[in-house]
Amino acid sequence: MAADVIKAGAFGANGQLNIGNSTLSADTLIRLYATGSNGELNFVANTVLNSGTRIDLAAHTITIQPSVVVFIGGNGGAAHVYTDNPNYNTGIPGVGNSANGMFTGNGATAPQSFASRPGFDDPAPAPGGAPH
């Protein structure tokens, strides 16, 4: 999938957004959210996310299944991750699940609080800028 902006969300209390065997490329912004109280972004197979400006990933739980790689590419730098339950190999001792898959390429920020995520419909900030 390729577009200027790609936004996908699972908004129910137990909403789950399953992603795998895919490439998502956006000129400006990729925003993948599962905002319910038990919402989950679940990377089930290798995935490529490319953005020219920014990638935001937000869910109560973000899982990268074992042996799965989420490649972050493009000029947008590292993916911005907002979760209180990182169920993937963060590369940070004591944070996440080292038996699970990981972000590669430009990588991802250390998990930030789910509550601090940008609004789903907020515009993308300028490159390198903080969310609105």
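The values are calculated or read from the model by the stated rules, or taken from the named source; none is laboratory data. This structure is a prediction, so every number in the text was calculated from the model and none was measured. Because the Cβ atoms are built from the backbone with ideal geometry, glycine has one as well, and the counts that use them run over all protein chains shown. All accessible areas refer to the heavy atoms of the entire protein, side chains included, with ligands and DNA or RNA removed. Shrake-Rupley method; radii C 1.70, N 1.55, O 1.52, S 1.80 Å.
Residue separation of Q65 and S25 scaled by 0.36 nm, minus their Cα-Cα distance, works out to 12.2 nm of gained length. Local charge for G76 was computed over the other residues whose Cβ lies under 12 Å away, with Lys and Arg +1 and Asp and Glu -1, and equals 0.
Quote the charge dipole size of the chain about the Cα centre in Debye, to the nearest 20; the model charges only the Cβ of Lys and Arg (+1) and of Asp and Glu (-1). Roughly 120 debye, rounded to the nearest 20. Residues whose amide H falls under 5 Å from that of N100, counting only those 5 or more places apart or on a different chain, are N89, with hydrogens built in the peptide plane. Could you please state how large a percent of the accessible area of the chain is carbon and sulfur, counting protein chains only and using a 1.4 Å probe? C and S fraction of accessible area: 51 percent. Between A110, N85, S98, the Cα set farthest toward the positive side of the dipole of the chain (charges on each charged residue's Cβ, about the Cα centre) is that of S98. What shape does region 82-122 take by its C-alpha gyration tensor, where a ≥ b ≥ c are the square roots of the eigenvalues and a/c under 1.5 counts as rounded, a/b above b/c as prolate, and the rest as oblate? Prolate is the answer for region 82-122, as a/c is 1.5 or above and a/b outweighs b/c.
Region 43-94 and region 1-17 have Cα centres lying 14 Å from one another. Taken over the Cα atoms of region 26-132, the convex hull encloses 90 Å³ per residue. In this structure the chain gives 44 Å² per residue of accessible area when probed at 1.4 Å with all protein chains present.
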